[in-house]
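Only one structure is covered here, and it is reproduced in the block below.
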Amino acid sequence: MASIIEHDFRQFDLNLLLVFRALMQERHVTRAAERLFLGQPAVSGALKRLRAAFGDELFVRGRQGMEPTPRALELSQQIDSLLIGLHHAMRVNQPFDAKHASRTFRVGVSEAIAVTLFPSLLKVLGSEAPGIQLITVDTDCHRVSSMFERNDIEIALGVFNHYPKWQQHRALLDWRFVCLYNPDLIQLEREALSLREYLDHPHLLTSFKGELRGFIDERLEALGERRRVIFSNPHFATQPFIARDNPVLVTVPDYIARIWSRSLGLSISPLPFETPVHQISALWKTSHHEDIGLRWLVDRIDQVVRAQ
């Protein structure tokens, strides 16, 4: 068996795997070349050798750049695990040197969590790890696994109730829905909204599907009640500015409500009916669990969340 492995490897340049990984992450020959500090012809030549070695096109031109073939997606998991494991073996006795590290992390995250977390996280990184860069992309529980499989992201932050064994998980924060409003435009009988007051006022809704109903409306239906939604938008950041200038209510997670309350002078009220507690977690691939840089970033995210 060993002689077969040695024979195959003599005919294959292992540096080609680094080119494969860069192409998988960048989906563009020029950007992959810049990432590897190579010329574009060198990466194009490496891709030609990769195609010959694996008997597949691997990457084809598409609307969004170089699209990986099904064979490339299958290889990506194996190659990524191999390179991460080899990198860990080389550095097993070396701690992560954050102060001098130069690395870009791709993070899948929702808008509300990004608004809450990243101002403080970037302040920490600027002090402890000035060479670290973050690229964030929008994700959710429905898309996160496919994004991991394509290596679009290395870590995800969000509400993930279920995750497969090939993903690692760390709980970061428990939260509930609360209600935000402008106290100058909406005067309550008490400090907390009554159910009647909640139903009497118009509502704003964040809907990623472009609908006028969501989770809260399902909870109200179970009580035999219904609210009036007058505006639906897929972006969280739009809602507090509308609530600041209009006599409307907006129901949002408590962690983002606290920020908007401080910044825009809005008041927070608990909901006048029960809703479950949700959890924000960090996810990453089990194959990356020994990546000391990634684990360092997860630790820092955890610390920032707890400090807030």
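The values are calculated or read from the model by the stated rules, or taken from the named source; none is laboratory data. From a predicted model like this one, the values you see are computed outputs, not experimental measurements. We place every Cβ from the backbone using ideal geometry, glycine too, and count neighbours over all the protein chains shown.
Condition (residue is modelled with pLDDT of 95 or more, hydroxyl-bearing (Ser, Thr, Tyr) and out of contact with any Pro (no Cβ under 8 Å at 6 or more places or on another chain)) applied to region 279-291: is it met by at least one residue?
Yes: one or more hits.
Within the bounds of region 137-154, is there any residue that is more than 30 Å from residue 67 (Cα to Cα), out of contact with any Pro (no Cβ under 8 Å at 6 or more places or on another chain) and among the hydrophobic types (A, V, I, L, M, F, W, C)? First the steps, then the outcome.
Of all residues in region 137-154, those more than 30 Å from residue 67 (Cα to Cα) come to none.
Scanning region 137-154, I find no residue that is more than 30 Å from residue 67 (Cα to Cα), out of contact with any Pro (no Cβ under 8 Å at 6 or more places or on another chain) and among the hydrophobic types (A, V, I, L, M, F, W, C), so the answer is no.
Going through 108, 126 one at a time, which residue ends up being part of a helix (DSSP H, G or I) and modelled with pLDDT of 90 or more? Quick ask: steps written out before the conclusion?
On the way: 108 fails: part of a helix (DSSP H, G or I).
Of 108, 126, the one residue that is part of a helix (DSSP H, G or I) and modelled with pLDDT of 90 or more is 126.
Regarding residue 120, is this residue under 11 Å from the mean Cα position of the chain (by Cα) and either surrounded by 16 or more Cβ atoms within 10 Å (Cβ to Cβ) or in contact (Cβ under 8 Å) with a residue 60 or more places away in the chain (or both)?
Answer is no for this residue.
Name the residues in region 1-55 that are modelled with pLDDT of 85 or more and among the acidic types (Asp, Glu), would you?
Of everything in region 1-55, those that are modelled with pLDDT of 85 or more and among the acidic types (Asp, Glu) turn out to be 26, 34.
Read through the list (1) surrounded by fewer than 13 Cβ atoms within 10 Å (Cβ to Cβ); (2) in contact with a strand residue (DSSP E or B) (Cβ under 9 Å, 6 or more places away or on another chain); (3) in a loop (DSSP other than H, G, I, E, B), then give the number of the only condition that residue 139 fails.
So residue 139 meets the others, but not (1).
Of everything in region 63-84 that's surrounded by fewer than 16 Cβ atoms within 10 Å (Cβ to Cβ), assigned to a helix (DSSP H, G or I) and charged (D, E, K, R), which residue is modelled with the lowest pLDDT?
The qualifying residue modelled with the lowest pLDDT is 74.
For region 299-308, what are the residues that are assigned to a helix (DSSP H, G or I) and surrounded by fewer than 19 Cβ atoms within 10 Å (Cβ to Cβ)?
Taking region 299-308 first, the residues assigned to a helix (DSSP H, G or I) are 299-307.
Scanning region 299-308 gives 299, 300, 302, 303, 306, 307.
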